[in-house]
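Colleague: Take this structure first; my questions come after.
No value in this document is a laboratory result; all are computed from the given coordinates. Just so it is clear, the model here is predicted, and its values are computed rather than measured. FYI the Cβ positions are ideal-geometry reconstructions off the backbone, even for glycines, and counts take in every protein chain you see.
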Amino acid sequence: MKIKKGDNVLVIAGKDRGRKGKVLQALPKEQRVVVEGMNMRKRHTKPRRQGQKGQIVEKPAAFAISNVKLICEKCGKAVRVGYRVEEENKYRICKKCGAQV
C-alpha cells in the first residue's frame, strides 16, 4: 500500500471530494484509510457510570484507498506514488517531480 499513517492526502471521490487531510490510520489488509475529519459517522454511546450522560460522538470512518491521492511536499500537488530502489534502500517518489516523499 503506497499511503501510510501521517501522510497528507487529497480526497478525489465521495462526499468529501476536494478536501485535504492527514491519514490517522492505514488498514492495508482491507485497502482502506482513515483520514482526519473525513467520512464522519455518528456513534451513539450509552452512559457507563452513575450520573454520566449518553451522547452522540462523531468519528471518522475508513474509506477505500482508491479515493485518495498523496500530496507531495515539494510540488504541493496530488500525485501518484512510485518507488525507487538504490542499493538496499527502497523509498517512495512523486511521479510528477521525482522527489522523495
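Colleague: Could you give the nm distance between label points at Ala99 and Cys75, where each point is 7 Å from its Cα heading toward the beta carbon?
Modeller: Between Ala99 and Cys75, the simple spin-label model gives 1.0 nm.
Colleague: Compare the peptides 44-57, 61-74 by average per-residue count of other Cβ atoms within 10 angstrom and give them in order, highest first. Mind dumping the intermediate values first?
Modeller: On the way: 44-57: 8.0, 61-74: 17.0.
Highest-to-lowest ranking by the protection proxy: 61-74, 44-57.
Colleague: Let me ask you something else. Which label marks the calculated value of mean projected area of the Cα convex hull in nm², given the options (1) 14.3; (2) 8.6; (3) 6.7?
Modeller: (2)
Colleague: Under the Karplus relation 6.51 cos²θ - 1.76 cosθ + 1.60, θ = phi - 60°, what is the ordered set of whole-Hz ³J(HN,Hα) values for the stretch 94-99, x standing for Gly and Pro?
Modeller: Here the 3J(HN,Hα) series is 7, 6, 8, 10, x, 6 Hz.
Colleague: Okay, moving on. At a threshold of 8 angstrom on Cα-Cα distance, excluding pairs fewer than six apart, so keeping six or more, what relative contact order does the chain reach in percent?
Modeller: On the way: 190 pairs, mean separation 21.8, N = 101.
Relative contact order of the chain: 22 percent.
Colleague: Name the residue, out of Glu86, Glu36, Glu58, whose mean-square fluctuation peaks in a Gaussian network model built on the chain with Cα pairs under 10 Å.
Modeller: Of the options given, Glu86 has the highest mean-square fluctuation.
Colleague: A follow-up question, please. Residue separation times 0.36 nm, minus the C-alpha to C-alpha distance between Ser66 and Arg84: what's the value? Before the final figure, lay out the partial values.
Modeller: Working: separation 18, 0.36 × 18 = 6.48 nm, distance 2.15 nm.
Length gained between Ser66 and Arg84: 4.3 nm.
Colleague: Given Lys5/Lys77; Lys15/Lys95; Lys2/Lys59; Lys22/Lys53, which pairs have Cα atoms separated by over 29 Å?
Modeller: Working: Lys5/Lys77 19 Å; Lys15/Lys95 26 Å; Lys2/Lys59 24 Å; Lys22/Lys53 31 Å.
In this structure, Lys22/Lys53 lie more than 29 Å apart at Cα.
Colleague: Same structure again: Kindly state, to the nearest 0.05, the FRET efficiency for Leu27 paired with Val57, given R0 = 25 Å and r defined as their beta-carbon distance.
Modeller: Working: r = 21 Å, r/R0 = 0.82.
Computed FRET efficiency for Leu27 and Val57 comes out at 0.75.
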